[in-house]
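I'd like to ask some things about the structure below.
The values are calculated or read from the model by the stated rules, or taken from the named source; none is laboratory data. Predicted, not measured: the structure shown is a model, and the values here were computed from it. For neighbour counting, all protein chains shown are included, and Cβ atoms are generated from backbone atoms with ideal geometry for every residue, glycine included. What goes into the accessible areas is simple: the full protein's heavy atoms, side chains included, and nothing from ligands, DNA or RNA. Shrake-Rupley method; radii C 1.70, N 1.55, O 1.52, S 1.80 Å.
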Amino acid sequence: MIFLITFDGQSNSFGLHLPFSHRLAPQNPYPAGLDDVVKIVTHVSENANSLGIDSGRIAVGGDSSGGNLAAAAQLRPEMRGKISMLLLLVPVLQAVNLKTIGFKENVEYLHDSMNSPGSINFFLGYLGLESSLYSDFLNNLHTTSEFKQGRFKFLFDQQKFLPKEFIRSEKYKHGKNAIENIGNETTFQNIKDKLLTPTCFPLMASDEELSRFPFTYVMAAGYDLIRDDAIMFAERLKDLDVEVQLSHIPDGFHNALVMFEGPLKTDVGVRTVNDIVKALKRL
């Protein structure tokens, strides 16, 4: 899910446009959905006056794959200066290491939800890749030994970008958690262009690209398989002196924000949404 938030040009009221109508995978793989998001943001920005909004107060955000699209949109050159705030909620940001500490700590929870390793098939569909690659991805065989130790390692280095305060397990808190020195050269050569493309996976962006980000609110859920994606991304932005707010919900889970009202209302869902609204008031 991805959303656009625009603030009224004459006051502090805002409008939430939910959801974006963008093409979906696997019928429309990358970059179809991203192209649609860019088109919508461009239209809103360039027609701000007629829409009665302040072009300098446009926020773009989303949860899960929507968080991916929001960050990826900011990385598109034509988006520079159009987005004033990003909200990345439990975002999917990388696929080079699917055995992060967060994955290992949380894989046993909520198996019948989006927290299942089966969700790997969603981004295989988004990338237009065969589902037969699922096992290679799950077992971190989709890259190579050389890649895991090479020049891209700093982009997803958990030793540097995952503070110990976010790790529950003493085993991982004091261990190295080195990525297994294994891989499949043939698979990697066939898919590496997509794995390393920042607009596919924003954590792969260079420091120069990330240094141009606007104020970015990043939410991580403690019991989410991809918890560490959000934390590492926020830490990289912080390292580059980008204004960033990392909101870690220790008892949160993937998509908890949908449980803020109705029969499935939960305390963590309410706290999650309240935190997002509080962050928006900074714009």
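Among the trypsin sites (Lys or Arg not before Pro) within the range 129-181, which fall in a DSSP loop and have no more than 10 other Cβ atoms within 10 Å of their own Cβ?
Numbers: sites: K148, R151, K153, K160, K164, R168, K171, K173, K176; in loops: R151, R168, K176.
Within the range 129-181, the qualifying trypsin sites (Lys or Arg not before Pro) (loop, at most 10 other Cβ atoms within 10 Å) are R151, K176.
Turning to a different aspect of this structure: Could you tell me the calculated FRET efficiency between K164 and S50, based on Cβ-Cβ distance and R0 = 35 angstrom, to the nearest 0.05?
On the way: r = 51 Å, r/R0 = 1.45.
E between K164 and S50, to the nearest 0.05, is 0.10.
Counting other Cβ atoms within 10 Å of each Cβ, which GluC sites (Glu not before Pro) in the range 162-225 have at most 12 and sit in a DSSP loop?
Sites meeting the loop and neighbour criteria: E180.
Any idea how far apart N190 and L24 come out in nm if each label point goes 7 Å out from Cα toward Cβ?
Label at N190, label at L24, 2.7 nm between them.
Keeping all protein chains in place, calculate the accessible area per residue for the chain (probe 1.4 angstrom), answer in Å².
Heavy-atom accessible area per residue stands at 46 Å².
Taking 7 Å along the Cα-to-C-beta vector as the label spot, tell me the V277-E208 distance in nanometres, rounded to one decimal.
Between V277 and E208, the simple spin-label model gives 4.3 nm.
Right, here's the next one. For R80 and H174, FRET efficiency with R0 = 41 Å and r from the beta-carbon atoms, rounded to 0.05?
0.45
Note the full-extension length gain between E146 and K39 as 0.36 nm times their separation in residues minus their Cα-Cα distance, in nm to one decimal. Please list the in-between numbers first.
Working: separation 107, 0.36 × 107 = 38.52 nm, distance 3.81 nm.
Extra length from E146 to K39 when fully extended: 34.7 nm.
If you stretched the chain out fully between E243 and K265, how much longer would it get, using 0.36 nm times the residue separation minus the C-alpha to C-alpha distance?
4.7 nm
Under a point-charge model restricted to the Cβ atoms of Lys and Arg (+1) and Asp and Glu (-1), what is the dipole moment magnitude of the chain relative to its Cα centre, in debye to the nearest 20?
320 debye
Further question: Dipole of the range 23-122, Cα-centred, from +1 at each Lys and Arg C-beta and -1 at each Asp and Glu C-beta, to the nearest 20 debye?
240 debye
Under a 5 Å amide H to amide H cut-off, with H placed in plane at 1.01 Å, what residues pair with Q245 once short-range neighbours are removed?
Residues meeting the criterion, in which the H sits 1.01 Å from N, are T216, Y217, V218.
Could you calculate the FRET efficiency of S135 with N181 from 1/(1 + (r/R0)^6), where r is the beta carbon distance between them and R0 is 30 Å, rounded to 0.05?
0.95
Work out the charge dipole of the range 50-147 with +1 on the Cβ of Lys and Arg and -1 on the Cβ of Asp and Glu about the Cα centre, then indicate which of F123, T100, Q74 is farthest towards its positive end.
Q74
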